[in-house]
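Scroll down for the structure; my scribbles are underneath it.
The values are calculated or read from the model by the stated rules, or taken from the named source; none is laboratory data. Treat the numbers as computed from the prediction; the structure is a model and nothing was measured. Virtual Cβ from ideal backbone geometry, glycine too; neighbours counted across all protein chains shown.
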Amino acid sequence: ALRQYFIDNDELQQDEVEDFISDLMNNEFDTVVDDGSLPQVAQQVCEMFQQCQQDRLTEVREQIKQLIQKKSAGRAKATPAAAADESQDEVVNSSQHL
C-alpha cells in the first residue's frame with residue numbers, strides 16, 4: 001500500500017507520508033503509533049524511495065540490513081513466567097526466615 005501511495009502521488013512531502021503511515025497502521029492493524037517514531041520512519045521511507053528511483057539499490061539494501069541488525073540487537077531478553085515466579089518465591093521465603 002505504501003509503495004502504491006508513492007507511485008500514485010508525485011513529490012510527496014514527509015508529513016504526507018507520515019499521515020498516510022499513521023492512517024495505514026490504524027486502519028489495517030488497529031494500531032495507534034504514539035511513540036513519536038512516525039516522523040523518523042516517514043523520513044527514512046522517503047529517502048529510500050528516492051534512492052530506489054535513482055537505482056541506488058545497494059544503498060537501500062544496506063540500510064535495510066542495518067535496520068534489521070538494530071532490531072535484533074534491541075530485543076529484550078524475556079524470563080519465562082515460571083522462573084520469575086520461582087525467583088519471587090525465593091525472595092519471599094528468604095525474608096520470612098529473617
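Assorted remarks:
- The single condition among (1) surrounded by 11 or more Cβ atoms within 10 Å (Cβ to Cβ); (2) part of a helix (DSSP H, G or I) that residue 33 does not meet is (2).
- None of 28, 16, 47 is under 18 Å from residue 2 (Cβ atoms), loosely packed, with under 10 Cβ neighbours inside 10 Å and either in contact (Cβ under 8 Å) with a residue 60 or more places away in the chain or not basic (Lys, Arg) (or both) except 28.
- Given (1) modelled with pLDDT of 95 or more; (2) more than 17 Å from the chain's Cα centre (by Cα); (3) assigned to a helix (DSSP H, G or I), number of the condition residue 55 does not satisfy: (3)
- If you go through segment 31-43 and keep only what is touching a residue at least 24 places away in the same chain (Cβ under 8 Å) and within 19 Å of residue 4 (Cβ to Cβ), you end up with just 42.
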